[in-house]
Amino acid sequence: MKRGEMNLAIVLVAILLIGAVSFVYYKNSFPNTEENAAASGNQENLEDAISELAPEIPEPKIQTKEFAIEADDYGFYINGDGVPSISVNSGDETKITFNVKTQNVYYGGLDFRGCGQNAGKINPGSSTIVEFTASENCTITSYWPLSGVVKTNLKILVN
């Protein structure tokens with residue numbers, strides 16, 4: 001074996017020994033770890049160790065997202081501004097009140113379908129509420145109820 005190879009072997013052995021000693025020291029410096037508590041049969045220490053290492057994380061609160069949306073034959077609007085989409089978080093209870101305008105709406109009204117919902121015919125000047133739990137992106141489409149002609153789409157974007 002050459003001198004350089006011998007030096008490399010010595011360095012590698014030294015690194016392995018230092019690593020092993022460090023591991024044993026580190027492992028023994030935490031007497032309340034799950035393994036040590038289980039070995040000693042002390043369930044209380046085990047539970048304390050788990051709660052210290054992984055504190056209880058509260059479950060995310062489900063929120064209800066409510067939207068008041070006006071609709072006509074040409075689009076969907078919030079406060080007079082056209083909106084092609086709305087955003088909600090996954091798991092949110094989503095409640096949309098569709099208010100069908102009296103102007104720019106076919107005399108037969110509108111029908112809103114999508115995201116697992118079918119509102120049926122809504123006359124001009126009337127409203128309906130669509131509710132669902134947001135789990136994935138979907139689209140609510142407005143139709144002329146008498147002919148089934150598609151008028152416009154509202155995308156529901158789920159984060």
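Quick note: the coordinates plus some simple rules give every number you see, no bench work behind them. Here the structure is a predicted model, which is why all the values come from computation and not from measurement. All Cβ positions, glycine included, derive from the backbone under ideal geometry; neighbour counts span all protein chains shown.
Points worth noting:
- Cβ-Cβ distances below 7 Å connect the following pairs, each with a first residue in the stretch 128-152 that is among the hydroxyl-bearing types (Ser, Thr, Tyr), a second residue that is in a loop (DSSP other than H, G, I, E, B), and a separation of six or more residues or different chains: Thr133/Gly91; Ser135/Ser90; Tyr143/Val149; Thr152/Tyr74.
- Matching residues, the stretch 66-91, being polar (S, T, N, Q) and over 13 Å from Val158 (Cβ atoms): Asn79
- Output for the stretch 100-157, where each listed residue is under 15 Å from Phe67 (Cβ atoms), part of a loop (DSSP other than H, G, I, E, B) and not small (Gly, Ala, Ser): Cys115
- Of all residues in the stretch 80-108, those satisfying the criterion of being surrounded by 20 or more Cβ atoms within 10 Å (Cβ to Cβ) and closer than 15 Å to Tyr143 by Cβ are Phe98, Val100, Val105.
- Among the residues making up the stretch 126-156, a single one is surrounded by fewer than 17 Cβ atoms within 10 Å (Cβ to Cβ), under 19 Å from Asn79 (Cβ atoms) and of a type in the set (Gly, Ala, Ser): Ser127.
- Every listed requirement among (1) without any contact (Cβ under 8 Å) to a residue 40 or more places away in the chain; (2) over 19 Å from the mean Cα position of the chain (by Cα); (3) closer than 16 Å to Leu157 by Cα is met by Gln63 save one, (2).
- Boolean, Cys138 is on the phi > 0 side of the Ramachandran plot and within 25 Å of the chain's Cα centre (by Cα): no
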